[in-house]
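Here's the structure, in structure tokens; my notes come after.
The values are calculated or read from the model by the stated rules, or taken from the named source; none is laboratory data. Here the structure is a predicted model, which is why all the values come from computation and not from measurement. Ideal geometry is used to build each Cβ from the backbone, glycine not excepted, and the neighbour counts take in all protein chains shown.
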């Protein structure tokens with residue numbers, strides 16, 4: 001009987017590996033749809049406020065969308081991607097075929113979906129066998145951002161950015177102070193950087209005043225005297241065409257850093273328009289790369305690193 005189950009488990013794994021291969025092949029140009037989400041990446045982007053032990057639950061298999069440590073070993077459907085997973089996978093499958101009850105898996109729940117803490121092979125076998133739900137010990141990581149079953153890394157990035165933008169605008173009342181001004185960015189954490197710019201400008205203005213100026217006044221001053229001159233130069237140089245998918249605010253943040261580096265190297269009088277031109281030459285796409293991107297070549301590399309442009313390691 002053992003040899004019988006072993007044969008079936010071997011065939012099950014072969015079938016799962018073949019399905020994984022075809023899934024990745026057909027999803028070659030949309031790799032993000034085939035990848036499990038990384039819990040570490042989700043933690044870094046969502047920055048959960050805390051965690052709560054929820055105890056034992058029966059969790060729908062299709063709401064398990066990622067893993068803490070094995071997200072690279074399985075496809076989004078938890079199909080095994082590599083041959084080295086065979087031995088353990090088949091052991092779990094044989095236990096399933098023999099009706100041996102295995103310990104519950106461990107999951108993190110984040111925003112309504114689940115990530116495997118322990119039990120990746122058990123989830124993989126369960127999905128391969130058509131199991132709809134699995135017993136799990138659950139810990140919830142608390143976040144304000146809802147997730148969903150089909151969410152990709154790109155969708156996650158957009159959801160976090162939208163949430164950060166909403167908090168940024170609400171906290172500073174920007175719709176009232178700068179009506180119609182669009183400060184959209186394309187990576188997480190950049191609104192925190194913009195807040196530092198605003199408070200830094202306020203500190204600079206206060207140095208020349210006896211009475212502390214209101215933040216509202218500093219925001220308008222920053223926009224008119226710092227942000228707009230730089231972004232006007234960016235638009236005049238048509239720099240956005242060399243950074244597809246980016247915004248003028250992205251470029252503002254990058255160029256300010258780059259300009260600071262150039263001033264340290266060449267002196268405090270280094271002009272901003274020269275900094276803009278230098279930044280474009282160093283980090284912007286040339287015509288050939290833009291053409292290849294338009295016809296679909298070179299896209300995967302850019303999608304895997306949504307924050308790849310920039311003068312230093314913090315951009316890449």
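Quick notes on this one:
- Test: residue in the range 268-280 that is crowded, with 16+ Cβ neighbours inside 10 Å, within 24 Å of residue 184 (Cβ to Cβ), under 26 Å from the mean Cα position of the chain (by Cα) and assigned by TED's automatic domain parsing to the domain that holds residue 193: yes
- Residues of the range 241-249 include at least one that is out of contact with any helix residue (DSSP H, G or I) (no Cβ under 6 Å at 6 or more places or on another chain) and not in a loop (DSSP other than H, G, I, E, B).
- All told, residue 209 meets the bar of being farther than 23 Å from residue 243 by Cβ and either exposed (fewer than 13 other Cβ atoms within 10 Å of the Cβ) or not assigned by TED's automatic domain parsing to the domain that holds residue 243 (or both).
- One residue stands out among those in the range 60-90 that are without any contact (Cβ under 8 Å) to a residue 40 or more places away in the chain, part of a loop (DSSP other than H, G, I, E, B) and more than 18 Å from residue 107 (Cβ to Cβ): the one that is farthest from the chain's Cα centre (by Cα), which is 82.
- Flag: residue 159 does not match the condition of being buried (at least 20 other Cβ atoms within 10 Å of the Cβ) and outside any loop (DSSP other than H, G, I, E, B).
- In a residue-by-residue description of the range 39-59, the property of being over 23 Å from the mean Cα position of the chain (by Cα), within 19 Å of residue 127 (Cα to Cα) and surrounded by 14 or more Cβ atoms within 10 Å (Cβ to Cβ) applies to at least one position.
- Within the range 194-214, restricting attention to residues that are touching a residue at least 12 places away in the same chain (Cβ under 8 Å) and touching a helix residue (DSSP H, G or I) at 6+ places or on another chain (Cβ under 6 Å), the residue that is nearest to residue 42 (Cα to Cα) is 198.
- Odd one out for residue 125, checked against (1) in a helix (DSSP H, G or I); (2) touching a strand residue (DSSP E or B) at 6+ places or on another chain (Cβ under 8 Å): (2)
- Selection from the range 128-154 of residues that are surrounded by fewer than 15 Cβ atoms within 10 Å (Cβ to Cβ) and closer than 13 Å to residue 65 by Cα: 148, 149, 150
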